[in-house]
Amino acid sequence: MFDNLTERLGKVLTNLRGQGRLSEENIKDTMREVRMALLEADVALPVVRDFVEQVKQKASGEAVMKSLTPGQTLIKIVNDELVKVMGEANESLDLAAQPPAVILMAGLQGSGKTTSVAKLSLWLQQQGKKKISVVSCDVYRPAAIEQLQTLAKEVNAEFIPSAGDQKPVDIARRALNEAKRSFTEVLIIDTAGRLHVDEQMMDEIKQLHQAVDPVETLFVVDSMTGQDAANTAKAFNEALPLTGVILTKADGDARGGAALSIRQITGKPIKFIGVGEKIDALEAFHPDRIASRILGMGDVLSLVEEVTRKVDQDKAAKLAKKLQKGKRFNLEDFKEQMLQMANMGGIGGLLDKLPGMGNLPDHVKNQVNDKEIGRLIAIINSMTPHERDFPAVIKGSRKRRIANGSGTQVQDVNKLLKQFTQMQKMMKKMKGGGMKKMMRGMGGNFPGGGMPPGGGGGFPF
Ligand code: GDP
Ligand code: MG
């Protein structure tokens, strides 16, 4: 995510770090570079202008010039300004309303509305909401209603049926009544989009808005469309009282222009970002953390949150208990940890959030992917229960047998055993905090991105 921008800004700012003093001249040079980086990231021009102007002003103050670490100070100014253009703090959903609280989704076709309905349902459940209902007003594409039905089932949301021959406004009214009757806490209304902003679509969504009076009207937009995303957001914002934005497909967006432009252009907060096709690939949008990611400083907080959310808490608690009782962490536990990591949607996504890791070239990231996890699990599967419990017995002939059984090489088995030993040591250190603490430890252990990829660290990747 935001790889290009991170790389470009990273270069500019690294140059500064070493500089003893800032002069008008090198501030000017730096800002020219920053401007280029933002334009290349497809940030909207007025936003770029404003950004550069603000940073220049703050940077040319006496305090900065005289600062002992002027480079660092300028980086901080850039960081703070990034946070500011993205909206300072996370704004979450405001669902304080007589239930059912209605959320209306708006946006162009293919932007990710239907997927986001499912992701939001899951997110709301994780926030403690029990009963979520969803309904589709997309009567133009026959598959659209079915798509929502399938997703609803996956996330355990109540699906309120609708059909292609019904009017969107009627569907929405009926769904609202049904939701009231069934004591739904949150009703999410999916709508049809078009390929471009057109009057008919705007009229329809306006009517829907009037009919159901939503507490949240969320505009869903594909971040890959760069500054166009900001312009479309502007058009929708003029037609509808939007309460927030969901920026989808941030996982594929190397530039970041949309994330940086939307708030400034519309005045509306980005509340969530979509970071993958899976239903759990939704993150609350925290401007400060994103700024930190963009500047290559990592986002350990989001990582911890993600882990807390996705880790199987029961299993983690069980392991913690076992270790607290003084029992050994064995290869079976190690395998369980890796399965959980695989569950978290791949190591690549996690790596982006570690300090300094955002800049890793893709081929390195891909090397440490889930295939590696799959191989480690295969190796453990080829061991006997005794071997899993007492890895010390795994010597020459056993190693060959295990390698053969798992279709790997003896050196792979050796590598796994080494990683396991390191992990075991770490587990001992943390006195049984399980996955959660382990991940927290991860943030603390690798300031500035000192983690060597591809093994060697305390981790199986
Ligand atoms: P709609 O027409 O607005 O309802 O869009 P859909 O929800 O049907 O999504 C269109 C496509 O975008 C689908 O293939 C989704 O899987 C994909 N998609 C949606 N959100 C994301 C995301 O955050 N990341 C990625 N990579 N794909 C997404
Ligand atoms: Mg749809």
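The values are calculated or read from the model by the stated rules, or taken from the named source; none is laboratory data. Keep in mind it's a predicted model, so treat the numbers as computed, not measured. In this analysis, Cβ positions are derived from the backbone assuming ideal geometry, glycine residues included, and neighbour counts consider all displayed protein chains.
Couple of notes before you dig in:
- Residues in the range 168-183 include none that are among the hydroxyl-bearing types (S, T, Y) and either under 24 Å from G274 (Cβ atoms) or within 16 Å of ligand 1 (Cβ to nearest atom) (or both).
- Scanning the range 201-220 for residues that are assigned to a loop (DSSP other than H, G, I, E, B) and exposed (fewer than 13 other Cβ atoms within 10 Å of the Cβ) yields a single hit, D213.
- Within the range 246-295, the set of residues being part of a loop (DSSP other than H, G, I, E, B) and within 12 Å of ligand 1 (Cβ to nearest atom) comprises K249, D253, V275, G276, E277, K278, I279, D280, A281.
- So A179, is it aliphatic (A, V, I, L, M) and in contact with a helix residue (DSSP H, G or I) (Cβ under 8 Å, 6 or more places away or on another chain): no
- Within the range 152-163, the set of residues being in contact with an Asp or Glu (Cβ under 8 Å, 6 or more places away or on another chain) and within 14 Å of ligand 1 (Cβ to nearest atom) comprises just one member, A152.
- Looking only at residues of the range 94-139 that are within 10 Å of ligand 2 (Cβ to nearest atom) and without any contact (Cβ under 8 Å) to a residue 60 or more places away in the chain, we find that the one that is surrounded by the fewest Cβ atoms within 10 Å (Cβ to Cβ) is D138.
- Residue, farthest from T6 (Cα to Cα), within the range 259-280, restricted to residues that are among the hydrophobic types (A, V, I, L, M, F, W, C), buried (at least 20 other Cβ atoms within 10 Å of the Cβ) and in contact with an Asp or Glu (Cβ under 8 Å, 6 or more places away or on another chain): F272
- Considering residues of the range 105-136 that are within 16 Å of ligand 1 (Cβ to nearest atom) and of a type in the set (K, R) only, the residue farthest from D222 (Cα to Cα): K119
- Picking from residues in the range 189-200 that are under 30 Å from the mean Cα position of the chain (by Cα) and more than 12 Å from ligand 2 (Cβ to nearest atom), the one that is surrounded by the most Cβ atoms within 10 Å (Cβ to Cβ) is V197.
- Flag if E199 is modelled with pLDDT under 95 and not small (G, A, S): yes
- The range 357-461 holds helices (runs of 4 or more DSSP H) entirely within its bounds, and those carrying 3 or more residues that are at pLDDT below 85 map to 362-367, 370-381, 410-429, 434-445.
- Residue count for the range 1-34 satisfying the condition of being under 26 Å from D228 (Cα atoms) and surrounded by fewer than 18 Cβ atoms within 10 Å (Cβ to Cβ): 4.
- Residue in the range 140-151 that is within 13 Å of ligand 1 (Cβ to nearest atom), part of a loop (DSSP other than H, G, I, E, B), in contact with a Pro (Cβ under 6 Å, 6 or more places away or on another chain) and closer than 23 Å to M201 by Cα present: no
- Only one entry of E204, E238 meets the criterion of being on the phi < 0 side of the Ramachandran plot, within 16 Å of ligand 2 (Cβ to nearest atom), over 24 Å from the mean Cα position of the chain (by Cα) and not hydroxyl-bearing (S, T, Y), and that entry is E204.
- Residue match in the range 168-184 (condition: under 16 Å from V43 (Cα atoms) and outside any loop (DSSP other than H, G, I, E, B)): no
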